[in-house]
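A.B. asks: Shown below is the structure under consideration.
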Amino acid sequence: LKARLLASGAPMSRTVQLEFDGSPRQRRQVDLRAGEEAEVRFEVPLARSGHHWGRVAFLNPDALALDDARTFTVQVGAEVSVLCVEGQAGAAGRSAGYFFRLALNPWGEAGRGLFRIRRAVPAQIPALELGKFDAVALLQAGPVNDVAWQCLGRYVSAGGALLVFLGPATGRSYATGAARAVLPAEVGAE
């Protein structure tokens with residue numbers, strides 16, 4: 001959250017506080033010369049879905065209290081459940097799956113952000129209840145057998161979202177009849 005402050009007539013030395021859902025969260029000290037503007041930034045965690053409200057206010061009000069606080073509201077959508085299917089679920093490093101997960105949750109912490117991520121390997125797809133996920137992402141997953149493609153086909157037909165990121169280990173399993181029934185384009189030679 002960014003708040004812009006202006007010292008309109010005289011120098012200003014104030015403490016600015018962010019309240020979120022009724023709780024004080026962060027404070028910033030601001031010192032401005034007369035006529036100077038500044039931007040104050042606060043980190044607002046949006047880990048829970050629903051309606052939230054907040055307020056940015058001076059802790060030490062001045063003679064005109066009406067302009068010492070501003071309120072805001074925000075509607076946060078429901079958490080999004082994503083299944084990340086990778087060639088090796090335990091693989092660390094700089095894989096496509098690593099960067100995809102980093103984009104969804106740059107903090108790398110479970111329970112932070114709006115995306116709930118679960119990891120799996122292609123062989124686990126038939127045993128999973130795919131309908132519990134808002135999206136399934138094949139992230140350079142390597143070979144995917146026909147049974148897994150059929151499960152993915154039922155998932156997509158029921159309205160599930162499927163993202164496919166091909167890679168060097170894609171192989172012929174992406175060119176089978178079961179794969180072509182799911183994928184929007186045929187995978188050909190490199």
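The values are calculated or read from the model by the stated rules, or taken from the named source; none is laboratory data. Given the structure is predicted, the values throughout are model-derived calculations rather than measurements. We place every Cβ from the backbone using ideal geometry, glycine too, and count neighbours over all the protein chains shown. The area values use the complete protein model at the heavy-atom level, side chains included, leaving out ligands, DNA and RNA. Shrake-Rupley method; radii C 1.70, N 1.55, O 1.52, S 1.80 Å.
A.B. asks: Between Leu166 and Glu129, what length comes free when the chain is fully extended (0.36 nm per residue of separation minus the Cα-Cα distance, one decimal in nm)?
C.D. replies: Values: separation 37, 0.36 × 37 = 13.32 nm, distance 2.33 nm.
Taking 0.36 nm per residue and subtracting the Cα distance, the gain is 11.0 nm.
A.B. asks: Return the single residue from Ala63, Ala47, Ala135 with maximal mean-square fluctuation; model: Gaussian network over the chain, springs between Cα atoms under 10 Å.
C.D. replies: Ala63
A.B. asks: Okay, moving on. What do you get for GluC sites (Glu not before Pro) in segment 84-172 restricted to DSSP loop and a cutoff of at most 13 other Cβ within 10 Å of the site's Cβ? Walk me through the numbers on the way to the answer.
C.D. replies: Numbers: sites: Glu86, Glu109, Glu129; in loops: Glu109, Glu129.
Passing both the DSSP loop test and the Cβ count: Glu109, Glu129.
A.B. asks: Rounded, prolate or oblate for the chain? Axes are the square roots of the Cα gyration tensor eigenvalues, ordered a ≥ b ≥ c, and the cut-off for rounded is a/c under 1.5. Each step should come with its number before you reach the end.
C.D. replies: Details: a/c = 3.84, a/b = 3.01, b/c = 1.28.
Because a/c hits 1.5 or more and a/b exceeds b/c, the chain counts as prolate.
A.B. asks: On the full set of protein chains, 1.4 Å probe, figure out the accessible area of Asp67 and give it in Å² to the nearest 10.
C.D. replies: Surface accessible to solvent at Asp67 totals approximately 70 Å².
A.B. asks: Starting from the Cα-Cα distance between Leu114 and Ala65, subtract it from 0.36 nm times their residue separation and give me the gain in nm to one decimal.
C.D. replies: Numbers: separation 49, 0.36 × 49 = 17.64 nm, distance 3.61 nm.
Stretched fully, the Leu114-Ala65 segment lengthens by 14.0 nm.
A.B. asks: Let me ask something else. If you roll a 1.4 angstrom probe over the protein chains with everything in place, what fraction of the accessible area of segment 89-190 belongs to carbon and sulfur, to the nearest %?
C.D. replies: 56
A.B. asks: Return the percentage of antiparallel bridges among DSSP beta bridges fully within segment 31-180, rounded to the nearest 5 %. Write down the numbers at each step before the final one.
C.D. replies: Numbers: 8 of 24 bridges.
Here the antiparallel bridges make up roughly 35 percent for segment 31-180.
A.B. asks: Let me ask another. Which FRET efficiency, nearest 0.05, do Gln75 and Ala175 yield, Cβ-Cβ r, R0 30 Å?
C.D. replies: On the way: r = 44 Å, r/R0 = 1.46.
The computed FRET efficiency comes out at 0.10.
A.B. asks: Grab the Cα-Cα distance for Gln29 and Arg48, subtract it from 0.36 nm times how many residues apart they are, and report the gain in nm with one decimal.
C.D. replies: On the way: separation 19, 0.36 × 19 = 6.84 nm, distance 2.83 nm.
Length gained, Gln29 through Arg48: 4.0 nm.
A.B. asks: Okay, moving on. If you filter segment 27-57 for trypsin sites (Lys or Arg not before Pro), then keep DSSP loop positions with at most 10 other Cβ within 10 Å, what is left? Can you show the working numbers first?
C.D. replies: Values: sites: Arg27, Arg28, Arg33, Arg41, Arg48, Arg55; in loops: Arg33, Arg48.
Here the sparse-neighbourhood loop sites are Arg33.
A.B. asks: Let me ask something additional. What accessible area per residue, rounded to a whole number of Å², is obtained for the chain using a probe radius of 1.4 Å?
C.D. replies: Working: 11370 Å² over 190 residues.
About 60 Å² of surface per residue is accessible.
A.B. asks: Mean-square fluctuation check for the chain, GNM, Cα pairs under 10 Å: which of Glu19, Glu79, Glu39 is largest?
C.D. replies: Between Glu19, Glu79, Glu39, it is Glu39 that shows the largest mean-square fluctuation.
A.B. asks: Could you check which residue among Leu166, Leu66, Leu130 shows the biggest mean-square fluctuation in a GNM of the chain with a 10 Å Cα cutoff?
C.D. replies: Greatest mean-square fluctuation among the candidates belongs to Leu66.
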